[in-house]
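Data first, discussion second: the structure below is written as structure tokens.
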């Protein structure tokens with residue numbers, strides 16, 4: 001089970017990375033920032049598992065005692081390990097929810113000289129400035145590095161732990177020597 005969870009998180013990281021990169025290339029801040037938020041949650045989950053590896057059983061779909069995850073707790077765990085994580089997550093969330101930041105992205109100052117001071121609206125998403133796209137690129141690189149390092153740390157951690165310390169996984173009790 002630990003391998004399945006870790007490989008699942010690796011696959012998610014790859015999907016979020018590729019999707020966010022494509023969205024940045026397509027000049028789509030809505031998709032880019034929302035996928036970056038999911039990518040950051042992936043890193044937060046790895047921090048959460050690293051802090052308390054026995055919690056991996058909460059991700060076991062066959063475990064009747066698995067009660068799901070509270071994203072707030074996972075984010076708090078990441079804040080304890082990743083400097084500035086909370087502030088970045090909050091900014092990314094502003095795009096994921098229908099709030100001021102995301103609602104105003106489609107508005108820009110008009111480029112027509114005859115409409116000085118007027119606003120233009122478009123249904124086509126676009127970063128407001130090149131700086132916004134650069135921030136998305138920066139966060140993409142930071143999240144790639146964080147996910148990579150955390151995934152490696154978790155992989156080493158779970159490989160080193162005795163199976164019985166992980167509790168009920170995969171619908172059966174692990175004992176020393178049981179295959180994972």
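Filtering 21, 49, 36 for residues that are modelled with pLDDT of 95 or more and in contact with a helix residue (DSSP H, G or I) (Cβ under 6 Å, 6 or more places away or on another chain) leaves a single hit, 36.
Among the candidates 56, 71, single out the residue that is in contact with a helix residue (DSSP H, G or I) (Cβ under 6 Å, 6 or more places away or on another chain) and either surrounded by fewer than 19 Cβ atoms within 10 Å (Cβ to Cβ) or within 21 Å of residue 153 (Cα to Cα) (or both). Talk me through it step by step, then tell me what you get.
On the way: 71 fails: in contact with a helix residue (DSSP H, G or I) (Cβ under 6 Å, 6 or more places away or on another chain).
Testing whether each residue is in contact with a helix residue (DSSP H, G or I) (Cβ under 6 Å, 6 or more places away or on another chain) and either surrounded by fewer than 19 Cβ atoms within 10 Å (Cβ to Cβ) or within 21 Å of residue 153 (Cα to Cα) (or both) leaves just 56.
In region 132-142 there is no residue matching the filter, namely being surrounded by 13 or more Cβ atoms within 10 Å (Cβ to Cβ), more than 26 Å from residue 13 (Cβ to Cβ) and either modelled with pLDDT of 90 or more or in contact with a strand residue (DSSP E or B) (Cβ under 9 Å, 6 or more places away or on another chain) (or both). Hey, could you check region 102-121 for residues that are surrounded by 15 or more Cβ atoms within 10 Å (Cβ to Cβ) and out of contact with any strand residue (DSSP E or B) (no Cβ under 6 Å at 6 or more places or on another chain) and say which is farthest from residue 71 (Cα to Cα)? Looking at the filtered set, the residue picked out is 105.
Inside region 24-53, can you point out the residues that are under 21 Å from residue 105 (Cα atoms) and in contact (Cβ under 8 Å) with a residue 60 or more places away in the chain? Steps first, please.
If we filter region 24-53 for residues that are under 21 Å from residue 105 (Cα atoms), which is where we start, we get 24-38.
Listed by number, the residues that qualify are 24, 27, 28, 29, 30, 31, 32, 33, 34, 36.
Cβ-Cβ distances below 9 Å connect the following pairs, each with a first residue in region 108-119 that is on the phi > 0 side of the Ramachandran plot and modelled with pLDDT of 75 or more, a second residue that is surrounded by 10 or more Cβ atoms within 10 Å (Cβ to Cβ) and in a loop (DSSP other than H, G, I, E, B), and a separation of six or more residues or different chains: 117/110. The sole residue among 75, 56 that is in contact (Cβ under 8 Å) with a residue 40 or more places away in the chain and within 21 Å of the chain's Cα centre (by Cα) is 56.
Flag not set for residue 94, criterion: exposed (fewer than 11 other Cβ atoms within 10 Å of the Cβ) and over 12 Å from the mean Cα position of the chain (by Cα).
For region 134-147, the condition holds for no residue, the condition being that it is in a loop (DSSP other than H, G, I, E, B) and free of Cβ contacts under 8 Å to residues at least 12 places away in the same chain.
The values are calculated or read from the model by the stated rules, or taken from the named source; none is laboratory data. Since we're looking at a predicted model, the values are computed, not measured. As a convention, Cβ positions derive from the backbone with ideal geometry for all residues, glycine included, and neighbour counts pool all protein chains shown.
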